[in-house]
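The structure appears below as structure tokens.
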Amino acid sequence: MERVILHSDMNSFYTSVECLYNPTIRDMPVAVGGNPEERHGINLEKKAKKAGVKNGEALWLAIGKCPGLIIVPPNYERYFRYSKLSRQIYNRYSDQVEPYGLDESWVDCTNSVKIHGSGEEIARKISAEIKDELGVTVSIGVSWNKIFAKYGSDYKKPDAITVITRDNYKKIVWEQEAGDLLYVGRSTKKKLLKYGIDTIGQLAESNPDFLVQVFGRWERFYGDLPTDLTTAQ
């Protein structure tokens, strides 16, 4: 049976939760962070992002880009609570839920589709229930492996569902930068560029022996990339 994997990512999670507790800041550019002189930004609302502010940026730089930025101190008790509540919703559709931080989770629905419908239908149900019950939105990727499910949740934001199948994955993914892929960090991206590997498609079609020689145990995610040479795990 083809696997059905969802990856759910709660949009601007920390700021979304803070806006629930303080609706007066809902329509303002918001960053959850600490001391503007010492701490770094943690999470940003979409208006702050549009102003050019980036996650993890020093707050004094963020304020320079967005003078009206509202800085809210983090409240992790709230975030842990909402994270737990979201996983309870995921568990309605699968007992195989793998958290990835507080705001993201993979949900293996392979054994649930006969009961709850297709992966896309389950994603829509989860999206609606989180919105109705928690007051926040999610972006969900649906695919047959974890890598593409994660890519799908990042592909469209906010409040979106992207289905990546064996029929459309090359159209959606192949020409995108290799650095957009899970596990490909900044230093790995530079190494890939050194060897002329710029896109995800070029990475997937690279010789696995070469990748292991250059990067070590590359198969930790390489096995999830479908190519003419390998099959997705």
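The values are calculated or read from the model by the stated rules, or taken from the named source; none is laboratory data. Bear in mind the structure is a predicted one, so any value in this text is a computation, not a measurement. Cβ: placed from backbone, ideal geometry, glycine included. Neighbour counts: every protein chain shown.
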*Can you name the residue in the stretch 142-190 that is of a type in the set (Lys, Arg), more than 19 Å from Thr110 (Cα to Cα) and assigned to a helix (DSSP H, G or I) and is also farthest from the chain's Cα centre (by Cα) among such residues?*
Lys190
*What are the residue pairs meeting all of these: first residue in the stretch 1-24, first residue without any contact (Cβ under 8 Å) to a residue 24 or more places away in the chain, second residue among the aromatic types (Phe, Trp, Tyr) and outside any helix (DSSP H, G or I), Cβ atoms under 8 Å, and 6 or more apart or on different chains?*
none
*Taking the stretch 118-136 as the search range and keeping residues that are surrounded by fewer than 18 Cβ atoms within 10 Å (Cβ to Cβ) and either in contact (Cβ under 8 Å) with a residue 24 or more places away in the chain or of a type in the set (Ser, Thr, Tyr) (or both), which one is farthest from Glu104 (Cα to Cα)?*
Ser118
*Residues Tyr151, Tyr90, Tyr79: which one is in contact (Cβ under 8 Å) with a residue 12 or more places away in the chain, touching a Gly at 6+ places or on another chain (Cβ under 9 Å) and of a type in the set (Ser, Thr, Tyr)?*
Tyr151
*Working only within the stretch 199-224, note down all residues that are at pLDDT 90 or above and either over 16 Å from Lys170 (Cβ atoms) or in contact with a Leu (Cβ under 6 Å, 6 or more places away or on another chain) (or both).*
Ile200
*Filter the stretch 55-91 down to the residues that are among the charged types (D, E, K, R) and at pLDDT 85 or above, then identify the one that is farthest from the chain's Cα centre (by Cα).*
Lys65
*Can you confirm whether the stretch 100-109 contains a residue that is part of a helix (DSSP H, G or I), touching a Phe, Trp or Tyr at 6+ places or on another chain (Cβ under 9 Å) and at pLDDT 95 or above?*
no
